[in-house]
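The values are calculated or read from the model by the stated rules, or taken from the named source; none is laboratory data. These figures come from a predicted structure and were not determined experimentally. Cβ placement follows ideal geometry from the backbone for every residue including glycine, while neighbour counts extend to all protein chains displayed.
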Amino acid sequence: MPSSFVSAAAAATELGPAPITPGWILSGTPEARNKMLAISADRTAFVMVWECSPGLFNWHYEDDETLVIISGEVFITEKNGQERRMGPGDIGFFPAGSSCTWRITDQVRKVAVVCVPVPSLLALGLRAWIRLLRIAGIKACSPLTMPLLYILAGA
């Protein structure tokens, strides 16, 4: 049975190598490192700490990612050319399928929550199923919903 609670000091967590795809690097020699802190039981979501040294690179998001900058700063340029600065305490969300350019001027560290997106039609069906269960007085995380969640997760 998985632990019911995970705690970590994001600013002090030891990280391992997590190279940026070489073709994404536009300038500099950014070196990235990360560590996964927790993963959901259905393996569709995880929490990680990531840091990177200065450089300029593209980033393409395969999954939804919500992040909080812990230290340093990054300038993120969207496809429309708009640049935004993010520093300690700032939160960002990047939907699956999006891309942007990261310009890191000094070492940056973030905590990210990454979620595999569920196809719209399946998500609608899941929401309807959960609503029906609630109407019937059954908890959403019951034996009746777990098989559906595993199917959606591709398990």
Long-range neighbours under 8 Å by Cβ, at least six apart or interchain, first residue without any contact (Cβ under 8 Å) to a residue 24 or more places away in the chain within the stretch 57-68, second part of a strand (DSSP E or B) and surrounded by fewer than 16 Cβ atoms within 10 Å (Cβ to Cβ):
none
Step by step: first the residues of the stretch 40-91, then only those that are among the hydrophobic types (A, V, I, L, M, F, W, C) and within 11 Å of the chain's Cα centre (by Cα), then the one that is nearest to Ala12 (Cα to Cα). Which residue is that?
Val49
Residue within the stretch 54-67 that is assigned to a loop (DSSP other than H, G, I, E, B) and of a type in the set (Gly, Ala, Ser) present
no
For the stretch 68-87, how many residues are assigned to a strand (DSSP E or B) and farther than 20 Å from Met36 by Cβ?
8
Hits in the stretch 5-46 (condition: polar (S, T, N, Q) and either assigned to a loop (DSSP other than H, G, I, E, B) or exposed (fewer than 13 other Cβ atoms within 10 Å of the Cβ) (or both))
Ser7, Thr13, Thr21, Ser27, Thr29, Ser40, Thr44
Residue in the stretch 88-143 that is farthest from Thr29 (Cα to Cα), counting only those that are modelled with pLDDT of 80 or more, assigned to a loop (DSSP other than H, G, I, E, B) and among the hydrophobic types (A, V, I, L, M, F, W, C)
Ala136
